[in-house]
Amino acid sequence: MCIEYQTVYEGNEAEIVEKKSRFIATVRPVGSEEEAMAFIESTQKKYWDASHNCFAYVLGKRCELQRCSDDGEPGGTAGRPMLDVLLGEGLHDTAVVVTRYFGGTLLGTGGLVRAYQGATKAGIKASTVITIKTGRKWNLTTDYTGLGKIQYILGQRKSLVLDTRYEEDVKMRLLLSRDEEKAVTAELVEGTGGKVILEELEECRFAKTGEETLIFPI
């Protein structure tokens, strides 16, 4: 299972102009090849009067599925360079269509590659990209004497506390990534002299976007 990967959470559009040719990049998150093709077709319909609608997409937690199209541009000058940007940015489950309105001046193969890559990068920059981690939810129970130490450890580790209930004991629900959970739980036990109860809950995937924590099922 992939522990950490990047994807687009909210797609967007961006436009660049090269020698009067307009290049409009439309970026979207996609969960399947059918979803990717539906997005591509809808973008082609939206920009039906364009000179070209080139596309690229990657699917799978290890980018197992990769597709691209030059849509009539010289071979290797559009789709593959766009795909290289997606892979270079480490993006998964992401599709991009770059629409070109020809401005009357030929750009040459090198100019086309730079333009399609530049538009793709601009589209990604305009989108919201998140890092999805694999982790697990935990229940934590402690008495009030151990609360300060626990809060200090979790604060230093920047671990996610989903909620806290102050009852006879203090009960917290934590979200720890797979690459940190062993170290954090061991530190909690050691820091409180064993006066903490930790219960493993379900695995999940999660990401931070601003102040919001997004949780996805495995």
When the convex hull of the C-alpha atoms of the stretch 139-218 is computed, what volume per residue in Å³ does it have?
-> 96
Report ³J(HN,Hα) in whole Hz for each residue of the stretch 137-146, in order, from the Karplus equation J = 6.51 cos²θ - 1.76 cosθ + 1.60 where θ = phi - 60°; Gly and Pro get x.
-> 7, 9, 9, 10, 10, 8, 8, 5, 5, x
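With a 1.4 Å probe and every protein chain kept in, tell me what percent of the accessible surface of the stretch 37-97 is carbon plus sulfur.
Answer for the stretch 37-97: carbon and sulfur cover 48 percent of the accessible area.
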With r defined as the distance between the Cβ atoms of TYR47 and ARG173 and R0 fixed at 45 Å, what FRET efficiency is calculated, to the nearest 0.05?
-> 0.45
Between TYR144 and GLN6, the two model label points (7 Å from Cα along the beta-carbon direction) sit apart by a distance in nm of 4.6
For the stretch 50-207, which semi-axes, largest first and in whole Å, follow from the square roots of 5 times the eigenvalues of its Cα gyration tensor?
-> 51, 13, 12
With every protein chain left in place, what is the accessible area per residue of the stretch 87-127 in square angstrom, probe 1.4 Å?
-> 40
Label-point separation, LEU106 to SER32 (7 Å along Cα→Cβ), nm | 4.4
If one builds a Gaussian network model of the chain from Cα atoms under 10 Å apart, the most fluctuating residue listed among VAL98, VAL196, VAL30 is VAL196
Percent of all Cα-Cα pairs per 5 Å bin for the stretch 121-183, counting from 0 up to the last occupied bin, reads 4, 15, 22, 20, 12, 9, 8, 5, 3, 2, 1
Which percent of Cα pairs goes in each bin when the distances of the stretch 47-137 are cut into 10 angstrom slices starting at zero?
-> 16, 47, 25, 8, 3, 1
If the cut-off is 13 Å between C-alpha atoms, which aspartates and glutamates fall inside it for LYS121, apart from same-chain ones fewer than 8 positions away?
-> GLU13, GLU15, ASP84, GLU89
Report in % the part of the accessible area of the stretch 121-218 that belongs to carbon and sulfur, leaving out ligands and nucleic acids; probe 1.4 Å.
-> 47
Semi-axes (Å, rounded, descending) of the ellipsoid equivalent to the stretch 1-111 per its C-alpha gyration tensor are 25, 14, 12
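The values are calculated or read from the model by the stated rules, or taken from the named source; none is laboratory data. Nothing here was measured: the structure is a model prediction, and the numbers come from that model. Cβ: placed from backbone, ideal geometry, glycine included. Neighbour counts: every protein chain shown. Protein only, heavy atoms only, side chains kept; ligands, DNA and RNA dropped before computing areas. Shrake-Rupley method; radii C 1.70, N 1.55, O 1.52, S 1.80 Å.
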